[in-house]
1. Scan around residue 249 for amide H atoms under 5 Å from its own, H built in the peptide plane at 1.01 Å from N, and keep only partners 5 or more places away or cross-chain.
2. So what is the relative contact order of the stretch 187-296, in percent, for Cα pairs below 8 Å that sit 6 or more residues apart?
3. Grab the Cα-Cα distance for residue 82 and residue 492, subtract it from 0.36 nm times how many residues apart they are, and report the gain in nm with one decimal.
4. Full-extension gain between residue 479 and residue 130, please, as 0.36 nm times their residue separation minus the C-alpha to C-alpha distance.
5. Taking other Cβ within 10 Å of each residue's Cβ, how do 389, 331, 238 sort, fewest first?
6. Write down Rg/Rh for the stretch 275-389, rounded to two decimals, with Rg from the C-alpha atoms and Rh from the Kirkwood relation over Cα pairs.
7. Count charges around residue 345 for me, please; just the other residues with Cβ under 10 Å from its Cβ, Lys/Arg as +1, Asp/Glu as -1.
8. If you stretched the chain out fully between residue 448 and residue 470, how much longer would it get, using 0.36 nm times the residue separation minus the C-alpha to C-alpha distance?
Amino acid sequence: MKTFKNFIAGGWVAPSSGEYFENRNPADTADLIGRFPLSTADDVRRAVASARRGFERWRREPAPARGDVLRRVGDILSRRKDEIADLMTREMGKPLAETRGDVQEGIDTAYYAASEGRRLFGHTVPSELRNKWAMSFRRPIGVCGIITPFNFPLAIPTWKMFPALVCGNACVFKPAEDVPHTGTVFVEVLLEAGLPPEVIQLVHGLGETVGAAIVSHPEVPVISFTGSTETGRVVGEVCGRMHKRLSLEMGGKNAQIVLDDADMDLALEGALWGAFGTTGQRCTATSRLILQKGIHDRFLGALVDRVKGLRLGDGRKEGTDVGPLVSEAAVAKVESYVDIGQREGADLLCGGRRPPGKGLEGGHFFEPTIFARVEPGSRLEQEEIFGPVLSVIRVGSADEAFAVNNDVKYGLSSSLYTRDNTIAFRAMQELDNGITYINAPTIGAEAHLPFGGVKQTGNGHREGGWEVYEFYSETKVGYVDYSGTLQRAQIDNYLGTPD
Ligand code: NAD
């Protein structure tokens, strides 16, 4: 069994506690992947001190050279795609096609970031005074604390760290406890690509200790967090008190709406993929299906038939449609919501239990589950479950569907199936989400567009695309007066024509 280390101050080191936690395969808990450091606040302090030194060097590298390191990262990830996908499936369960997609997202993000090194645009604008130059440009900020969830073990760290690095910052990275192996390999790739060692620090361990120590460290002015809304609230409170720059990406309760005029087959494929891809553990997963009354019964019948045919199993085995949940705690949470749904009077149409037999006893499996007659406003309909549970709500009209979609505290993704362009464009205006898909499922973001949600899903920032570069850089303005005289703004250049 392998014992893994932190990467601090340019070397692979044991945690100061001398303690470790185990990382096991969720499809077969007898399969022990390795032991990973249970680090302490002391380890975080050493990591931040080193990252400060890394930052002082890295911020002076020209941005195109920083981008070039990211281009090499993209090349290495491309070469190692299958191997990394395999180890990712082993530690968090989603099928290989999905973990390959996770790595591909990292590759796309790397090449986008590499090219951004040759942009990082500022503005030059005319000054209101003669012989005076006015411009804005970007400066790096410092050490960024990067705290990530288990469900996209590579893609989400790349969304955060690649733009942070291209902008000239250093990173202290704490991956989720369930996916420390992918986090370790990711840091190995960064180093192999030529990132100067002190620019990246990897500190494994628990959120309450390592995560909290990063968030509250006074020399970490930037925190980027993706995880649950509950943890995000704790992180946000600390960052608010300490005046830190904070990006939060949190929970979701995403809906797919199917109207009477929709292409039924297309909508069915979308619902299956949206609800049960990644075993429902995507922030953008379809957890609510809003069906218009004309197609409700027919659509639901076809969906249940298809869901009963989904093959549960080890994501590394050929033919598996749905992998395990990430942990026993995740299975227990899903079970508790099945109880809640039944107590609330919803109809359990399929699933709702751990699969009996079938050689799946050794893993954290749960059957794909559908509840019908779910009431808007019920807990099943309102709360994030983060598992393979789909709640079906019947509505009379598109407007009623939009209202149900919007009446939750989250606002990440939504999807609408219709052939009516007028309703489709109206939906894009009316649905309170950061992303709306028309005739496509709630999942499927592309690396070069901004990603994020409204309401309690986020705090106004976006990952991906061009917007994330705003978050990781500080805008500075420079004025150069070459007139040789004192020119007083707003006084010597009065432009109006007073009556
Ligand atoms: P989580 O909130 O349990 O953990 C996320 C990270 O926070 C982990 O690294 C954890 O160790 C750390 N953490 C825990 N307590 C902390 C503390 N007190 N201080 C600092 N860090 C702490 O989330 P999870 O179970 O890993 O992931 C699932 C959640 O993430 C879901 O709610 C899902 O919707 C959300 N998510 C959101 C997005 C998005 O982009 N909106 C993407 C993926 C996942």
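Where a number appears in this text, it was derived from the coordinates with a stated rule and is not lab data. Predicted model only: the values in this text are computed from it and were never measured. Using ideal geometry, Cβ is built from the backbone for each residue, glycine included, and neighbour counts are taken over all protein chains shown.
1. Long-range HN contacts for residue 249: 225, 226, 227.
2. Working: 105 pairs, mean separation 22.7, N = 110.
Relative contact order for the stretch 187-296 comes out at 21 percent.
3. Values: separation 410, 0.36 × 410 = 147.60 nm, distance 6.55 nm.
Taking residue 82 through residue 492 to full extension adds about 141.1 nm, to one decimal.
4. Values: separation 349, 0.36 × 349 = 125.64 nm, distance 1.20 nm.
Additional length available on full extension: 124.4 nm.
5. Final ranking by Cβ density, sparse to dense: 238, 331, 389.
6. Numbers: Rg = 13.8 Å, Rh = 14.5 Å.
Rg divided by Rh gives 0.95.
7. On the way: positive: 343, 373; negative: 344, 347, 375.
Every neighbour counted, the sum reads -1.
8. Values: separation 22, 0.36 × 22 = 7.92 nm, distance 1.44 nm.
Result for the pair: 6.5 nm of gain on full extension.
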